[in-house]
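Have a look at the structure below before the remarks.
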There are 2 protein chains.
Amino acid sequence: MKVPHSSLLTLALLLNHLSSVSGGKILVFPLDGSHWVNMNVLIEELHAKGHEVTVVRASDSWYVSEKSPFYTSVTLPGTGGFEENFETFLSPQLEIRLQGKPTSFWSHIWTGIQIQQMVINQFSQLHNRMSEMIVQMFEDENLMRSLHDAKYDVVLTDPGIGVGAMLARRLQVPLVFNVRWTIQGEAHFLIAPSPLAYIPFTATELTDSMTFPQRIKNVLSYVLGMYTLSYITEPHYKPVVLRYFGPDVDYSTFFLDADIWLMRNDFIFEFPRPTMPNIVYMGGFQCKPAKLLPVDLEEFVQGSGDHGVIMMTLGTLVGKLPQDVAEEIAAAFAQLPQKVIWRYIGERPAGLGNNTLLVNWLPQNDLLGHPKTRVFVTHGGTNGVQEAIYHGVPIVGLPLFFDQPDNLSRIRAKGGAVILDIATLDRHIFADSLMTVLYNSSYRESMQTLSRLHRDQPMKPLDQAVFWIEYVIRHKGARHLQTQSNKMSWFVYNSVDVIAALLTVVLVIIFTCISIVRLLWRMIFVGRKVKHE
Amino acid sequence: MKVPHSSLLTLALLLNHLSSVSGGKILVFPLDGSHWVNMNVLIEELHAKGHEVTVVRASDSWYVSEKSPFYTSVTLPGTGGFEENFETFLSPQLEIRLQGKPTSFWSHIWTGIQIQQMVINQFSQLHNRMSEMIVQMFEDENLMRSLHDAKYDVVLTDPGIGVGAMLARRLQVPLVFNVRWTIQGEAHFLIAPSPLAYIPFTATELTDSMTFPQRIKNVLSYVLGMYTLSYITEPHYKPVVLRYFGPDVDYSTFFLDADIWLMRNDFIFEFPRPTMPNIVYMGGFQCKPAKLLPVDLEEFVQGSGDHGVIMMTLGTLVGKLPQDVAEEIAAAFAQLPQKVIWRYIGERPAGLGNNTLLVNWLPQNDLLGHPKTRVFVTHGGTNGVQEAIYHGVPIVGLPLFFDQPDNLSRIRAKGGAVILDIATLDRHIFADSLMTVLYNSSYRESMQTLSRLHRDQPMKPLDQAVFWIEYVIRHKGARHLQTQSNKMSWFVYNSVDVIAALLTVVLVIIFTCISIVRLLWRMIFVGRKVKHE
């Protein structure tokens, strides 16, 4: 085979880049929980490329272990059980959702408000703990000196919480985000123009094609979101910001410091929308080809014959469900000729069919990539949805909280998913939805198309991510990719002053003209009248 | 050397792409003149990748030859001397600019208005000829049938004029742009949000950091631009659009059809600004490492010793200058210890120094890449400026028309250029500017930084361009990267209807509240008064 000239050049270029940044020093400030899962993928890759990674973790971290072959860690005093609270965080929400069984429009809204209120309260506690953590960290002179003296090349953080960004500014080190959400919701809203006529705001479950009432909902949601940001979230950090950065600094500005935004997203998953020069899309960077299944699982899967397999998991955080919901799900599965693999750690449902295998854990990626897998029943976490896209498997969605409804509504809009409300779920609804996705080929075809498009990129998403982190190391930041709008008030950004000035000039001209005409009118006609009289 | 795993994967991916689209059929509708130069680079590369390229050209084309080893051509009847007019087009502008010698603010404005008027008139003629060309083309049934039957995979066009886009819609073939300008000015303005507070409008010579008066100028220029578009440009095409596409179609919408916008630009050259999912930056894709100079030229260059070489060219279209201007330039060069290579086909200036070599043509890229080259004196055409960035050579700019002032003002803002007004040029000003750029190291350092950044990309710009053209072929378009905003009126896009509705509701509520309070007030107090009375 003749290798084209330009490909060799590209390879040479790539190797050149790889060799030119060996041994950068990277300080990682992760977000705990499921966010850590994909941060860890990045860290392993950075480690493999020869970089020295240090991870800041809380002493009681659930996910981030102190020892790892891929990084050294700096442990902060406990943050009051960030993860434990994360659990107590979710259960009440789930309860409300399940008790709600909203039958009308208004009860649906009421459930929404209750959950919203609970989330705001829970996040308030989280923000309080985070601002305490900032104080502890910044006041620990030994820690700060050692972080400073380590002369990191870049801080890599997940800006779901702004602590990492604040630390980067304090240390005056370039900043890279591994991001899907900021304190303001979906990350684009903080940095890119987002016309509300076709960009659905966070947690609205809307698409880029909205009716007039939907557009009203979208604008109102945005207003509510901005209100929450200004009057609920930001005040938690005001004292800290004032203390360490002075009175002229706004909490949101720390986020705009980022040299590069590595977005866990792409335009196969997300609706097309305006973007910015320093946003790099690495959606699905954690996806890999499937590995072989364990022998017993492979045997079970092969036993499905042509009917294939359904796999179900609601994510690490939700291993069990109320017994009545579990029974409905089990009964629906039992009606089907497919085999079912269900990750469930609750009490075994009485009506569980012979075709259904309960497991404590499942190799999600390997199962999604298995040729026998027909449907993925999921809560709609970003990682799972990305893997479903990567492998082209259609979805029956049972969204629970956070970004899950939004994630799934995107896949539904693109023809790859049916979404159910867990509060109104029964065996008939569930079985019907499974049958629809199993036997209406359009769902599978849509996901296969998304898969083909997702895989067809100039560079693998993980390589892109590493390239841009190394880029920031090589050039000591990427300020030349940040727009001037970062420094502007909304007033100047929207040219309000210019428009006001121009309108004033126009009005003055009109007024002057009218005055002159009136004066002339009087001089001529009133003058004449006087003559006539 | 150990080749990293992921690089091999990237290479494999790349080869996979290359092999999966062998033999696409590409119909190219180029823009003549300097735009053809870079379209031709793309065509050669596409040909090398095994694609079959057909080029639509005018019978009297100046640049686009009928026969080529890289493409077959389809020749349209003469368009009334598009290129000849292009020449007569420029000379009068240059004359105005040179005669103007603007000494005051108002004479400067007056020169600007005169040139603007002339450009509008000249473009009007061009647009008329283009719309005649469209009619000739669409009415030629044999031609249209053969184009249709050829079943092209993609139309590649430069949308400086919209004919190619219209042809693509007529043939219902996916569309890719090789673009820097559309009928509306700088291409981003048609497709991406462009806040006028920091995005300088076309031909303003402003930067992304504007004072209040500059922002006023920017907004007014934009308003003028939109006026020109709606009332001068579009009417030329109205009858044609009506005839072939019906009454509901707007000329601008043809441009929004493009699946991919290959932008001859990047954020090293351009100021950072919002962008869109279907914009791909391939700025400098035509740049190549320098080749060896011809022996005699190399000898001349080496003769410069440590002083190095200055090269000057004002582009293919402007080979000569008025004698007095040429004399001033020659005299300035004669004062310097550098060697000078000047592409000049006019009469030899009397005061030409021994250090200055006049040439009819020069190997611009090879000279820019020569280690002895110190300064590039240029009119600021996009190709030349990109090559200067690529090789890191500082600029003394003599902008003449079109995008040249804007191109150069970007490089000046980034610290790599001094700009002169050719109308006020004399030997002292010119020599001073040359000395500044020669001996103040910051100019060279800035260009070297831009060069380093420009060259540090995940993929070579030309490979990117080819990748995305092949992407469109593979997936029969890239509609999934087009935003819904393309289909929206400005009214909906800006949520004017939603805001109006919400304001109405707020006003009605306020009004109702006031009414009720007044009613109660009356009932209580007026009632009492009645009782009291």
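Only the coordinates and a few stated rules stand behind these numbers; no lab work does. Note that the structure is a prediction, hence the values are computed from the model and not measured. Please note: Cβ atoms are built from the backbone with ideal geometry, for glycine as well, and neighbour counts cover all protein chains shown.
Once every DSSP H run of n ≥ 4 in chain A is given -39500 (n - 2.57) and the sum is divided by its residues, what mean residue ellipticity at 222 nm do you get, rounded to the nearest 500 deg cm²/dmol?
Working: 21 runs with 264 residues, N = 533.
Taken over chain A, the calculation gives -15500 deg cm²/dmol.
Which chain B residue hugs the B-A rotation axis most tightly by its Cβ, and what is that distance in angstrom, to the nearest whole number?
Nearest Cβ to the rotation axis, residue and whole-Å distance: B:Pro193, 2.
Would you mind checking the pairs B:Lys151/B:Lys476; A:Lys67/A:Lys291; A:Lys460/B:Lys49 and listing those with alpha carbons more than 19 angstrom apart? Write out the running numbers ahead of the final one.
Numbers: B:Lys151/B:Lys476 12 Å; A:Lys67/A:Lys291 27 Å; A:Lys460/B:Lys49 22 Å.
In this structure, A:Lys67/A:Lys291; A:Lys460/B:Lys49 lie more than 19 Å apart at Cα.
Where the label is 7 Å out from Cα toward Cβ, how close does A:Thr72 come to the same position in every other copy, in nm, shortest first?
6.7
So how do A:428-437, A:153-162 stack up, highest first, on mean other-Cβ count within 10 Å? List each step's numbers first, then the result.
Values: A:428-437: 18.0, A:153-162: 25.5.
Descending packing order for the listed peptides: A:153-162, A:428-437.
Relative to the first principal axis of the alpha-carbon coordinates of chain A, what is the inclination of helix A:441-455, with its axis defined by its Cα atoms, in degrees from 0 to 90 and to the nearest 10?
70 degrees
Excluding same-chain residues fewer than 8 positions from B:Lys339, which aspartates and glutamates have a Cα within less than 19 Å of its Cα?
B:Asp296, B:Glu298, B:Glu299, B:Asp306, B:Glu327, B:Glu328, B:Asp366, B:Asp432
May I ask for the distance between the Cα centers of the range B:268-316 and the range A:412-450, given as a whole number of Å?
56 Å
Per-residue Cβ counts within 10 Å, from other chains only, averaged over B:477-484: what number is that? Display every interim value, and only then the final one.
Values: counts 0, 3, 1, 8, 4, 2, 9, 11.
Neighbouring Cβ atoms belonging to other protein chains average 5 per residue here.
What is the Rg over Rh value, at two decimals, for the range B:295-455, using alpha-carbon atoms and the Kirkwood definition of Rh? Walk me through the numbers on the way to the answer.
On the way: Rg = 14.2 Å, Rh = 15.4 Å.
Looking at the range B:295-455, the ratio lands at 0.92.
Can you give the Kirkwood hydrodynamic radius of chain B from its Cα pairs, in Å with one decimal?
On the way: mean 1/r = 0.0385 Å⁻¹.
Evaluated over chain B, this radius sits at 26.0 Å.
Taking N as the number of residues in the protein assembly as shown, what is its Cα Rg relative to 2.2 N^0.38 Å? It would help to have the intermediate numbers written out before the result.
On the way: Rg = 32.9 Å, N = 1066, 2.2 N^0.38 = 31.1 Å.
So the protein assembly as shown has a normalised radius of gyration of 1.06.
Pull up the cross-link candidates among the aspartates and glutamates for B:Lys414, meaning alpha carbon to alpha carbon under 14 Å and not fewer than 8 places away within one chain.
Hits, sequence-local ones excluded: B:Glu205, B:Asp208, B:Asp266, B:Glu270, B:Asp406, B:Glu445.
Quick check on packing: order B:443-450, B:467-474 by the mean number of other C-beta atoms within 10 Å, highest mean leading.
Values: B:443-450: 19.2, B:467-474: 22.8.
Ranked from most to least packed, the peptides come out as B:467-474, B:443-450.
At 1.002 mPa s and 20 °C, plugging the Kirkwood radius over alpha-carbon pairs of the range A:185-328 into Stokes-Einstein gives what diffusion coefficient in µm²/s? The partial results should precede the final answer.
Numbers: Rh = 19.9 Å.
Using the Kirkwood radius from Cα pairs, D works out to 108 µm²/s.
Two decimals is fine: what's Rg over Rh for the range A:373-469, C-alpha atoms, Kirkwood radius as Rh?
Here the Rg-to-Rh quotient is 1.04.
Roughly what % of DSSP beta bridges within chain A run antiparallel, to the nearest 5?
Details: 2 of 44 bridges.
Roughly 5 percent of the DSSP beta bridges within chain A come out antiparallel.
Quick one: with label points 7 Å out along Cα→Cβ, list the inter-copy distances for A:Tyr227 in nm, shortest first?
4.2
If r is the Cβ-Cβ distance from A:Ile516 to B:Ile109 and R0 is 22 Å, what FRET efficiency results, to the nearest 0.05? Don't skip to the end; give the middle numbers.
On the way: r = 26 Å, r/R0 = 1.16.
Calculated transfer efficiency: 0.30.
What whole number of Å gives the distance from the Cα centroid of the range B:104-141 to the Cα centroid of the range B:358-391?
30 Å
Nearest 5 is fine: what % of DSSP beta bridges in the protein assembly as shown come out antiparallel, could you say?
Values: 5 of 89 bridges.
Rounded to the nearest five, the antiparallel share is 5 percent.
Could the peptides A:315-328, A:386-399 be put in order, highest first, of the mean number of other beta-carbon atoms found within 10 Å of their residues?
Working: A:315-328: 16.9, A:386-399: 24.7.
Taking the mean over residues of other Cβ atoms within 10 Å, the ranking is A:386-399, A:315-328.
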